[in-house]
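Colleague: Quick one: structure below, then a few questions.
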Amino acid sequence: MVKPATKVRAEQYLNYIGGEWVAPKSDRYLDNRNPADTRELVGRFPASNSEDVDRAVDIAAEAFRTWRKVPAPRRAEILFKAGEILIQRKEECARDMTREMGKVLKETRGDVQEAIDMTYFIAGEGRRLHGYTTKAELPNKYAMCSREPIGVCGMITPWNFPMAIPSWKILPALVCGNTVVIKPAEYTPLSTYNLVSALIEAGIPPGVLNIVAGRGVEVGKALLEHSKVRLVSFTGSTEVGRMIGQACAATDKICSLEMGGKNAIMIMDDADLDLALEGVLWGAFGTTGQRCTATSRVVVHKKVAKKFAGMLADRAKHLKLGPGLNEKNDVGPVINEEALESILGYIEIGRREDKARLICGGHRAEKGDLKHGFFIEPTVFSEVTAQMRIAQEEIFGPVLSVIECRDLDHAIEIVNGVKYGLSASIYTQDTNRAFHAMEDVQTGIFYVNASTIGAEVHLPFGGTKSTGNGHREGGTQVLDIFSEWKAVYVDYSGKLQRAQID
Ligand code: NAD
């Protein structure tokens, strides 16, 4: 286990390459600070460069030769054990995560739990990894196909789910027989270290799993350029993801991209408004609005729009802002100064947009000790129209737009009228409306009478349009990212048989 840092003496962390904790070649480190109080240094993490990446990838390529031969059920047993270790350390890992990422404890416990769930789910897959047999078109011929590992997988992850997201990638990659080099997000490396440490302790052999910390432009770029990296799995912004897709195309790497969202809840005139209110508050201000599936738009039927906006503002202004380690607080800080500036910038854009009305929040919160962190009041704009920038662009903070709609068709048009397609939901008592919406909304995830957040690991996770490039993490579908299909034909006729000809 990576020892948690203390306030008095922050730990200096190392890279894990080839079964050893090693210093970065640069001998430079990046400070990891608590976004709720930047006076607290959580730890110092390697600012690695391409030399560290080259070494890790070469070792992972070597380790692949033996790891791919380890029977999948044996590989899975190690993952299962890592799950047991994480259960023991759940509270400690959650506290580490709140200190480096900011979200409130109940949510960081959820993040760790998601990694535990993924461990068990994927460990079970070690005894399945199903291929299939089928009938050949010629007599005395057998046809089947199976999943094969790919090789070295490079992983680049974001800061908002710093244990869950790496687990969605590392665990299926390992169970399929691949080896891994992961670059954690520079703002939240500790949680990824805690996951990797549990896996090491559970018995992952040297070289199979490596962690190289540092900046995207150095470590991430080096992973993209290394010829022995066969697959890159990325989660992050659409802007960076698009660039990663292009770099992978140039070197024939397999590439899976999970990117941004602009998620919406539709509220029909027959909805249970109290229930919808709970869903909107949780979706918009949970994780301080910094989830890829966060509710960023509420599309409300005109008959109930004013009433609902009023209910929303009343509740949102009473959410308690403060450090996530204090269980009384509802909303933690945003991740860093850059995010703070960007979100406040969007609030300013909202204020200036023609008709939008700011009905709650709208400022940085700086009272008392909050001034040492990056806190923004939960913010709601009403009377927003679908084409305004605040209704189109991913803000990734506690800012919500209320948009009026005429009917269900109009609501669906608004929900689909953005470049992203991750998550959406509808609140209605009418089953017909719910099913129409389910069919016509262009997102990878859809909820009925629930918020836009709350995915479970055994279902496919991902989005359409600019949210991704067609892959799904979670579910058994994730195995399609981390394995390649091999078709095998066995001809036992003893003569030449020609498909499509004989
Ligand atoms: P980001 O794109 O800034 O960074 C993501 C990762 O890419 C980081 O590890 C970063 O170091 C690395 N990176 C940055 N520049 C790079 C480069 N030039 N070359 C290689 N690597 C580079 O995203 P972020 O701010 O960490 O995360 C927020 C974004 O992630 C939001 O857009 C959010 O919607 C998205 N997200 C998507 C999902 C999903 O599953 N669809 C889940 C969580 C977050």
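Colleague: Once you charge only the Cβ atoms, +1 for Lys and Arg and -1 for Asp and Glu, what is the size of the charge dipole of segment 47-169 about its Cα centre, to the nearest 20 debye?
Modeller: 580 debye
Colleague: I've got another one for you. State, as an integer percentage, the relative contact order of the chain based on alpha-carbon contacts under 8 Å between residues 6 or more apart.
Modeller: 18 percent
Colleague: Determine how large the accessible area of residue 240 is when every protein chain is in place; take a 1.4 Å probe and give Å² rounded to the nearest 10.
Modeller: In the full protein context, residue 240 sits at about 60 Å².
Colleague: Let me ask something additional. Ignoring ligands, DNA and RNA, how do 374, 308 rank by accessible area with a 1.4 Å probe, largest first?
Modeller: These residues rank, largest area first, as 374, 308.
Colleague: Please flag any cysteine in the chain that has no other cysteine's Cβ under 4.7 angstrom from its own Cβ.
Modeller: Unpaired cysteines in the chain: 93, 145, 153, 176, 292, 360, 405.
Colleague: So what's the back-of-envelope 222 nm ellipticity for the chain, counting only DSSP H runs of four-plus at -39500 (n - 2.57) apiece and dividing by all residues, rounded to 500?
Modeller: Counting only the DSSP helices, I get -11000 deg cm²/dmol.
Colleague: Here is a follow-up. Could you pull out the trypsin sites (Lys or Arg not before Pro) across segment 363-409 that fall in loop regions by DSSP (anything but H, G, I, E, B) with no more than 16 other Cβ atoms inside 10 Å?
Modeller: Listed in order of number, the matching sites are 367, 406.
Colleague: Arrange the peptides 171-180, 326-335 so that the one whose residues have, on average, the most other Cβ atoms within 10 Å appears first.
Modeller: Per-residue mean Cβ counts within 10 Å order the peptides as 171-180, 326-335.
Colleague: How much length is gained on full extension from residue 440 to residue 357, taking 0.36 nm per residue of separation minus their Cα-Cα distance?
Modeller: Length gained, residue 440 through residue 357: 26.9 nm.
Colleague: With the crude spin-label approximation of a point 7 Å out along Cα→Cβ, what separation in nm comes out for residue 392 versus residue 88?
Modeller: Output for this residue pair reads 5.4 nm.
Colleague: Related question: Past 19 Å, Cα to Cα, is the threshold; run 228/486; 320/367; 317/419; 169/486; 183/228 against it and keep the listed order.
Modeller: 228/486; 317/419; 169/486
Colleague: Along the Cα-to-C-beta direction of residue 449, a point sits 7 Å from the Cα; which residues of segment 270-308 have their amide N less than 17 Å from that point?
Modeller: 270-280
Colleague: What's the local net charge at residue 394, with K and R +1, D and E -1, over the other residues with C-beta under 14 Å away?
Modeller: Here the count lands on +4.
Colleague: Please list, by residue number, everything in segment 470-487 whose backbone N is under 19 Å from a paramagnetic label point 7 Å out along Cα→Cβ of residue 132.
Modeller: Backbone N within reach: 472, 475-487.
Colleague: Rolling a 1.4 angstrom probe over the protein heavy atoms, how many square angstrom per residue are accessible across the chain?
Modeller: So the chain comes to 41 Å² accessible per residue, rounded to a whole number.
Colleague: Which shape class applies to segment 348-483: rounded if a/c is under 1.5, otherwise prolate when a/b exceeds b/c and oblate if not, where a ≥ b ≥ c are the square roots of the Cα gyration tensor eigenvalues?
Modeller: oblate
Colleague: If the limit is 31 Å between Cα atoms, which of 103/465; 25/262; 90/306 go over it?
Modeller: Pairs exceeding the cut-off: 25/262; 90/306.
Colleague: Per 0.36 nm of contour for each residue apart, how much would the distance between residue 369 and residue 26 grow if the chain were fully extended, relative to their Cα-Cα spacing?
Modeller: Taking residue 369 through residue 26 to full extension adds about 119.9 nm, to one decimal.
Colleague: Treat each spin label as a single point 7 Å out from the Cα along the C-beta direction, and report the residue 458 to residue 500 distance in nm.
Modeller: 4.1 nm
Colleague: Tell me which of 299, 288, 316 sits at the most positive position along the dipole axis of segment 263-448, charges placed on C-beta atoms (Lys, Arg +1; Asp, Glu -1).
Modeller: 316
Colleague: Grab the other residues whose beta carbon is less than 12 angstrom from that of residue 328, score K and R as +1, D and E as -1, and report the net.
Modeller: So the environment of residue 328 carries a net charge of 0.
Colleague: In addition: Label-point separation (nm) for residue 409 and residue 145, each offset 7 Å from Cα along Cα-to-Cβ?
Modeller: The two pseudo-label positions are separated by 4.0 nm.
Colleague: Further, regarding this structure: What part of the accessible area of segment 263-448, given as a whole %, is carbon or sulfur when the probe is 1.4 angstrom?
Modeller: Whole-percent figure for carbon plus sulfur exposure: 48.
Colleague: Right, another one. Carbon-plus-sulfur fraction of the accessible area of segment 74-183, 1.4 Å probe, in percent?
Modeller: Its accessible area is 52 percent carbon and sulfur atoms.
Colleague: Please report the net charge: other residues with Cβ closer than 14 Å to the Cβ of residue 30, K and R +1, D and E -1.
Modeller: Result for the neighbourhood of residue 30: -2.
Colleague: Can you give me the solvent accessible area of residue 109 with a 1.4 Å probe, rounded to the nearest 10 Å²?
Modeller: 60 Å²
Colleague: For 243, 311, 155, give me the order by solvent-accessible area with a 1.4 Å probe, most accessible first, ignoring ligands, DNA and RNA.
Modeller: The ordering from most to least exposed comes out as 243, 311, 155.
The values are calculated or read from the model by the stated rules, or taken from the named source; none is laboratory data. No experiment lies behind these values; they were computed from the predicted model shown. Don't worry about glycine lacking a Cβ; one is built from the backbone with ideal geometry, like all the others, and counts go over all protein chains shown. With ligands, DNA and RNA removed, areas are computed over all heavy atoms of the protein, side chains included. Shrake-Rupley method; radii C 1.70, N 1.55, O 1.52, S 1.80 Å.
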